[in-house]
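J.: Would you mind keeping the following structure in view while I ask a few things?
Every read-out reported here was derived from the displayed coordinates using simple, explicitly stated rules and does not represent laboratory data. All values reported here derive from a predicted model rather than from experimental measurement. Using ideal geometry, Cβ is built from the backbone for each residue, glycine included, and neighbour counts are taken over all protein chains shown.
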């Protein structure tokens with residue numbers, strides 16, 4: 001009976017991920033306005049749609065690939081600012097307690113990089129950049145992606161072909177697109 005319930009749960013998570021996903025966001029599309037959380041699970045915010053911003057989607061806080069990818073953005077933040085970037089936003093389908101703790105772990109002295117909790121996966125779903133991570137991560141998760149957005153319009157989209165890969169979403173690859 002347990003294996004039947006487990007199988008049904010896995011199938012339900014996969015179906016939910018597929019239903020939630022919109023068509024993948026593309027160059028020229030407007031960034032969707034969806035409430036997310038930063039640092040505080042009680043306070044909802046919107047990722048700004050003014051200025052030039054970078055949005056990095058990661059499958060999960062504290063995972064080894066994500067924890068090796070994000071420090072490049074923290075360490076090279078000033079290089080992005082020099083290219084006119086007003087903010088870098090790291091988005092994970094985790095709760096605000098986890099993303100805040102992860103930010104403090106990766107940058108104990110603080111960082112201007114924003115760590116965003118998309119705890120219901122609504123933002124990445126509207127982007128069409130969600131996948132079924134049930135097997136390893138317990139449920140729907142964000143694909144690994146990088147978006148360049150200028151005044152609310154997407155100017156560059158990079159999505160890794162597999163969640164552990166970090167090639168087109170590595171900080172220097174994204175910086176090179178600015």
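J.: Quick one: order 67, 125, 142 by neighbouring beta-carbon count within 10 Å, fewest to most.
T.: So the residues, fewest neighbours to most, are 67, 125, 142.
J.: Quick check on the exposure proxy: order 120, 43 from fewest to most C-beta atoms within 10 angstrom.
T.: 43, 120
J.: Once you have the Cα-Cα distance between residue 81 and residue 95, take 0.36 nm times their residue separation minus that, and quote the gain in nm to one decimal.
T.: Contour length minus the Cα-Cα distance gives 2.3 nm.
J.: Provide the three semi-axes, in whole Å and in decreasing order, of the ellipsoid equivalent to region 47-178 as defined by the square roots of 5 times the Cα gyration tensor eigenvalues.
T.: 21, 17, 14
J.: Hey, another quick one. Region 108-178: Rg/Rh from Cα coordinates, Kirkwood Rh?
T.: 0.98
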